[in-house]
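Here's the structure, in structure tokens; my notes come after.
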Number of protein chains: 2
Amino acid sequence: MRSLKQIRSFVAVFEEGSFTAAAQREGATQSGISQHIRHLEESLGAELLVRDGRGVTPTVHGERYYGECVAILRRLDLAEAEIGRASALGGEVRIGLMPTFTRAVLAPTLDRFIAVAPTVDMRVTEAYSGVLTDLVRKGELDFAVVPGFQGAVGLSTTLLIRDREMLVASRNRLGQHLTPICLKDMDPLKIVVPGPQNTRRRNIETYCASHGVAIERRLQLDAMMGTLDFVASSEWVAILPGVMMVNDLDGARFDIRPLDQPALYSDFVLIEPTRRVLSPAAALFASMLRETTEQTITIRQARMREA
Amino acid sequence: MRSLKQIRSFVAVFEEGSFTAAAQREGATQSGISQHIRHLEESLGAELLVRDGRGVTPTVHGERYYGECVAILRRLDLAEAEIGRASALGGEVRIGLMPTFTRAVLAPTLDRFIAVAPTVDMRVTEAYSGVLTDLVRKGELDFAVVPGFQGAVGLSTTLLIRDREMLVASRNRLGQHLTPICLKDMDPLKIVVPGPQNTRRRNIETYCASHGVAIERRLQLDAMMGTLDFVASSEWVAILPGVMMVNDLDGARFDIRPLDQPALYSDFVLIEPTRRVLSPAAALFASMLRETTEQTITIRQARMREA
DNA sequence: GACCCTCTATCAAAAAAATTAATATCGGAA
DNA sequence: TTCCGATATTAATTTTTTTGATAGAGGGTC
């Protein structure tokens, strides 16, 4: 009478806020989802969702039931993980990373991971946080690493790393490579920034506005490789997380200086669907990613002390 | 792919130790159960049960998976309970009681319960503990009250009450109604006992053997009403839980004296299927049953102090 | 060892359920 | 009003589940 399909459908509708979106996510039709929800509501004898012209809103019962359903799906996933895949360390790992992470820490992490888990089929998607968040919620990624944020329905969040933001410019333009810098004391900046939908953009704007940083011109570039290339060959600067600059600490291409007075930190979090449990292989990759990133930061701190 | 039917089937097979029995319990055919288990094992990629000529034994994986499955079913039940039936206090309550409880505490409990929950459809089954245990495991009873025991697969146990055992004889045969008595000091007993499959029989035998109680003759009677009738009209005695004698404290029909040096206590526990959660109505009945029983015991203690 | 009894496995037919595609309907915004 | 974007409904289709019959495996018993 009650079925897992019904429960999965309900969870999807709740999280997506729409029957149509839930249908897409579940690889089903809107009609099927509609019927599942109806049967569920009938058999429970309670309305779970209020439909209006724009989409759906959960009722009080719906909210409560959703919590239980997520717990159930999660436990189901756990049960499976415990036996089938427990020791195997095989299967498929699909992760999403922002350019910040693909630039420098992905390669060494992959090296280590592939050596330990040779049978795992690894898939990495590079995208900005909004896209990654959607993919994770849809269950198309095991997890993703995105800038710290306020959470979303159906996702659980774990802090992966906290890193310092750097002012990056082409070689010899700033001088004093790797020593702290206070933006307020500088000439007005010509700065390359990501688009307004990007979480980091908001952080940068907030920082500049609240600490009296003068900006002469803004250039909006939503291409990380392009940003670096442009900065390297122009008088423009960018504010970037330190973790992506670890291969440029030698100063050959860029002058890199940590923001100071005050320092600006960015959080990066691991997000995963609450209804699921990380496979052992995915969990291993996540912990390796953290380790590599931490090592990266440690190396940079050592260099900064030298400088 | 994975379905609740599969999980329910597996839990049933695990608890019943047999495909055939599980099929009966689930109201399905042996063939269907067999296929569910096969699909489950296939999709998990692990054997859960080892089949031999006599029935089935779980593998290590099976044991682990069972635990998770029970938790999932329980949670599912809880989710439902939380919304649909939460405040209703309606539906059906099916309970099982031993004669010990039907004799004196059932009637006043029912009085109170029916007043509070007029819409509940109440069904009480009287039987000995073995039968009740089976019925609870099969899910045909919400809960049952049985003598404290070592537990069984798929059942969870809660202590409901601990009560003192009494020596019961016909009026004026023992004298000193309601005062403690030490069996060791008595002439050899002519005692009515239940059959060896009965949990209380074992307790009585153990007590007598280990405290030097002399027994002249045993009469095996598996009929509680019959036992009382026979004891009332003969020189035979019986050892019975105090809770069932509360209506005979006036001494009009029986001499009742608590065993002493040492006192003998019996535990009565509430058993329910682990995979399910008590409905609010059932939980209410259980707590009323406990209250009534406790009051019963308190009354008796007061009378004993008077005597 | 032959027999019997009980239990599980398998298979094809039948029944039930889920899924779909098409369409109706509803509610809000312009 | 009219349109747009959403959910509901329906009947046909596809898939899955369930069944009944039967085969096979493993222990006991004589």
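Computed values, structure above
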quantity	calculated
Qualifying residue in region B:66-75 (condition: more than 9 Å from DNA strand C (Cβ to nearest atom) and over 22 Å from B:Val277 (Cα atoms))	no
Residues being more than 12 Å from every other protein chain (Cβ to nearest Cβ) and either surrounded by fewer than 16 Cβ atoms within 10 Å (Cβ to Cβ) or on the phi > 0 side of the Ramachandran plot (or both) - total across region B:40-62	7
Any hit, region A:66-89, residues being of a type in the set (Val, Ile, Thr), free of Cβ contacts under 8 Å to residues at least 12 places away in the same chain, under 24 Å from A:Lys5 (Cα atoms) and touching a Lys or Arg at 6+ places or on another chain (Cβ under 9 Å)	yes
Residue ID - farthest from B:Arg8 (Cα to Cα), chosen from residues in region B:33-52 that are away from DNA strand D (no atom under 14 Å from the Cβ) and among the aliphatic types (A, V, I, L, M)	B:Ala46
Residue list for region A:118-160, filter: part of a helix (DSSP H, G or I) and among the polar types (S, T, N, Q)	A:Ser129, A:Thr133
Odd one out for B:Cys208, checked against (1) without any contact (Cβ under 8 Å) to a residue 60 or more places away in the chain; (2) closer than 27 Å to B:His177 by Cβ; (3) part of a loop (DSSP other than H, G, I, E, B)	(3)
Within region A:63-81, considering residues that are at the interface with chain B (Cβ under 8 Å from one of its Cβ atoms) and not aliphatic (A, V, I, L, M), the one surrounded by the most Cβ atoms within 10 Å (Cβ to Cβ)	A:Tyr65
Condition check for A:Ala12: away from chain B (no Cβ under 12 Å) and closer than 30 Å to B:Arg64 by Cβ	yes
Residues being more than 15 Å from B:Pro258 (Cα to Cα) and over 27 Å from the mean Cα position of the chain (by Cα) - total across region B:172-193	5
Members of region A:127-146 found to be within 13 Å of the chain's Cα centre (by Cα) and either surrounded by fewer than 17 Cβ atoms within 10 Å (Cβ to Cβ) or of a type in the set (A, V, I, L, M, F, W, C) (or both), listed by number	A:Ala127, A:Gly130, A:Val131, A:Leu132, A:Leu135, A:Val136, A:Leu141, A:Phe143, A:Ala144, A:Val145, A:Val146
Checking A:Gly91 against (1) within 14 Å of another protein chain (Cβ to nearest Cβ); (2) on the phi < 0 side of the Ramachandran plot; (3) in contact with a helix residue (DSSP H, G or I) (Cβ under 7 Å, 6 or more places away or on another chain); (4) not basic (Lys, Arg), the condition it does not meet	(2)
Condition met for B:Ile7 (near DNA strand C (Cβ under 10 Å from one of its atoms), within 26 Å of A:Cys69 (Cβ to Cβ) and of a type in the set (Val, Ile, Thr))	no
Residue within region B:205-220 that is under 26 Å from B:Ile299 (Cβ atoms) and crowded, with 19+ Cβ neighbours inside 10 Å present	no
Lone qualifier among A:Glu47, A:Glu41 - being within 16 Å of DNA strand C (Cβ to nearest atom), not in a helix (DSSP H, G or I) and not aromatic (Phe, Trp, Tyr)	A:Glu47
Region B:50-64: number of residues that are within 16 Å of DNA strand C (Cβ to nearest atom) and either of a type in the set (Lys, Arg) or not in a strand (DSSP E or B) (or both)	6
Selection within region B:15-26 - assigned to a helix (DSSP H, G or I), more than 14 Å from chain A (Cβ to nearest Cβ) and farther than 16 Å from B:Glu63 by Cβ	B:Phe19, B:Thr20, B:Ala21, B:Ala22, B:Ala23, B:Gln24, B:Arg25
Boolean, A:Thr133 is within 13 Å of chain B (Cβ to nearest Cβ) and of a type in the set (S, T, N, Q)	no
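Here is a yes/no grid of residues against (1) within 12 Å of DNA strand D (Cβ to nearest atom); (2) assigned by TED's automatic domain parsing to the domain that holds B:Glu140; (3) within 27 Å of the chain's Cα centre (by Cα):
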residue: B:Thr20; (1), (2), (3): yes, no, yes
residue: B:Gln24; (1), (2), (3): yes, no, yes
residue: B:Gly27; (1), (2), (3): yes, no, yes
residue: B:Ser31; (1), (2), (3): yes, no, no
residue: B:Arg54; (1), (2), (3): yes, no, no
residue: B:Pro58; (1), (2), (3): no, no, yes
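The values are calculated or read from the model by the stated rules, or taken from the named source; none is laboratory data. Nothing here was measured: the structure is a model prediction, and the numbers come from that model. Note: ideal-geometry Cβ built from the backbone for every residue, glycine included; neighbour counts use all protein chains shown.
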